[in-house]
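Beneath this line is the structure, given in structure tokens, with notes to follow.
Each reported figure results from applying straightforward, stated rules to the coordinates on display, with no laboratory input. Predicted model only: the values in this text are computed from it and were never measured. Cβ: placed from backbone, ideal geometry, glycine included. Neighbour counts: every protein chain shown.
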Amino acid sequence: MKSPVVKRSIVVAGHKTSVSLEQAFWNGMKEISALRNMTLSELVGEIDGNRQRGNLSSAIRLFVLDYFKNRAVAAAAPADANQHASSGT
């Protein structure tokens with residue numbers, strides 16, 4: 001059985017490191033880096049520089065989760081505002 005975790009090498013701040021993530025997180029990282037016009041290495045470097053503690057893979061998972069959570073909330077906000085406006089609340 002194939003492991004759901006994919007291990008890749010990436011250069012962060014000039015140093016090669018290995019990161020193990022599920023394919024869905026790699027896909028999310030690629031989408032985020034493309035939207036920000038950054039390379040995957042640049043985005044991982046930013047995440048690495050901002051992490052408080054824990055390992056890099058965990059920091060990446062939390063970053064991707066937070067990014068898509070915030071995007072979902074932002075997308076729902078106009079719908080919520082329109083619903084409240086039409087109901088008079």
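Some observations on this one:
- Note on ASN37 and ALA75: with the Förster distance fixed at 25 Å, the Cβ-Cβ geometry gives a FRET efficiency of about 0.70.
- Remark: segment 44-51, residue by residue, has Karplus-estimated 3J(HN,Hα) of 5, x, 5, 4, 4, x, 9, 6 Hz, where x stands for each Gly or Pro and the curve is 6.51 cos²θ - 1.76 cosθ + 1.60 at θ = phi - 60°.
- Counted by neighbouring Cβ atoms within 10 Å, the residues LEU62, LEU35, LEU43 run from fewest to most as LEU35, LEU62, LEU43.
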